[in-house]
């Protein structure tokens, strides 16, 4: 199994914001069937299908290794990735009683060299993006680690997911397996199978001596390769969680155009609309602005091109870049729709409580904010004219210094008499 994913210009006679929003939604692809039950689709149907991903299409490249095992090749095992939250606070794992004593911080992850029951042990990398990668553990054991270790550390999970997201690959250990046409025995991703072969050459990183490492289940010389592959897998799984959350968000907004078309109202209050704006900003931030932003290669690989190749090979095989662009396009479209919603909120907040605008809007509910602005300008002009008629002579005397004659001010003469 590969992948289980998935200002308005001030111009006369402009249409009202409600009309604009209804028209906008009617022309875009977000418009959905009128019946709400049509929205209750399985979210998995919105994810990329296994048969369309590069990894599945290139699966034939791993068939020679699968069907013709060498004497030094291990059995085919599972690399299982589980995403349970938006992010983890890795610092809280330090000293956690549920962790084995040999667990340790390893660059941007926590590394557990051995975990599980006798005969079912595996290696685990826990990353800050809310995912952990299990080498050699089956799915049920990976879920058990999430419950017995991750779930028992207070405050470790930030924004836990309702349904965890998963990825699954397979790997073998074979230090003698040759890479076709290159006659290399290095660790690599071939088709849809990871081959843990010989250690890749490193530039600036000095691997720790084997004697200082805790007992491991897999060759210690491929530790950094497993880390790079695991980080790419964890990023893909975290992206899957974001894709599902965004699809749920778009579904929650899908009936908005129908409500506007039928009632002239968005069907939700001001507070709910503001919350929707906040959710959209959160998606954009999670995709592009956080430290784990799905777009850039981590700094760790800048000086290690061989490890970067591992990271990029898995990322490309799982369409991380393409999926990131797709999510960005959805967010951009949703942001365009939300700009119309912001215009609607501006219209709703134009009339302060207990003001002439409130009374006028109550008496004439179909009046747009633009018409309301023109009425207010006209009232201000009338008030200025009245003030000039009433106080004009006094202002003339103040600015010119010339006294006004009795003929000019009969009321003033009458006052002196």
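Values in this text are rule-based calculations from the coordinates and carry no lab data. Computed from a predicted model, the values in this text were never measured in an experiment. Positions of Cβ are backbone-derived with ideal geometry, glycine not excepted, and every protein chain shown enters the neighbour counts.
Points to keep in mind about this one:
- Extent along principal axes [Cα atoms of the range 91-233; Å; largest to smallest]: 50, 33, 31
- FRET efficiency estimate (nearest 0.05) - Cβ-Cβ, residue 332 to residue 90, R0 35 angstrom: 0.65
- Legend: ranking of residues 88, 301 from fewest to most surrounding C-beta atoms inside 10 Å; resulting order 301, 88.
- A crude spin-label estimate for the pair residue 248 and residue 104, with each label 7 Å from Cα along the Cβ direction, gives 3.8 nm.
- Per-residue Cβ neighbour counts within 10 Å put 281, 253 in the sequence 281, 253, beginning with the fewest.
- The stretch between residue 147 and residue 384 holds 78.0 nm of extra length on full extension. This uses 0.36 nm per residue minus the Cα-Cα distance.
- Applying 1/(1 + (r/R0)^6) with r as the Cβ-Cβ distance of residue 285 and residue 316 and R0 = 41 angstrom yields a FRET efficiency of 0.95.
- Using a Förster distance of 51 Å, the FRET efficiency for residue 374-residue 303 (Cβ separation, nearest 0.05): 0.20
- For 323, 152, order by how many other beta-carbon atoms lie within 10 Å, fewest first: 152, 323
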